[in-house]
Amino acid sequence: MPNRRRRKIVKIDEEKCTGCGLCVTPCAEGAIQIVDGKAKVVREELCDGAGFCLAVCPTGALSIEEREAEEFSEAAVAERMAGRTGVYISQRCFRCGAGEEDRVLIPCRWKGDSIWVCVRCLPQLIHG
């Protein structure tokens, strides 16, 4: 039986989820997949609870909850990511169009939209 403990983990509201898949890319651990048209945390031990996926969800279907779950496993993540191919969706800064190849991009919510912003444009977004 896997080790379980109380910890923070992503929760996905199936009623709000449209299956757009925007949450898959920011999940660096590969914990989220689209299954039968909805986002799912496929294995609890892959979710570190960091929540980078939350900001890009256009419907607000993702949240962080504290509950009993399998312990996070870096070994499981390494195994999962070794076989991961073809799920990458390239993102661009909503202001300048810079891609991830050029600058660090951060997912965020702005004026009700889920967007990606680069580190150069972030100060302008914050300070106007």
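Overview of values
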quantity: Cα-based reach from LYS40 at 19 Å (exclusive), listing lysines while leaving out same-chain residues under 8 positions away; calculated: LYS8, LYS11, LYS16
quantity: Qualifying chymotrypsin sites (Phe, Trp or Tyr not before Pro) for the range 40-128 [loop in DSSP, other Cβ within 10 Å: at most 15]; calculated: TYR88
quantity: Cβ-defined net charge surrounding PHE72, 11 Å radius [Lys, Arg +1; Asp, Glu -1]; calculated: -3
quantity: The range 1-89 shape via C-alpha gyration tensor axes, a/c threshold 1.5; calculated: oblate
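Where a number appears in this text, it was derived from the coordinates with a stated rule and is not lab data. Remember, it's a predicted structure, so these values are computed and weren't measured experimentally. As a convention, Cβ positions derive from the backbone with ideal geometry for all residues, glycine included, and neighbour counts pool all protein chains shown.
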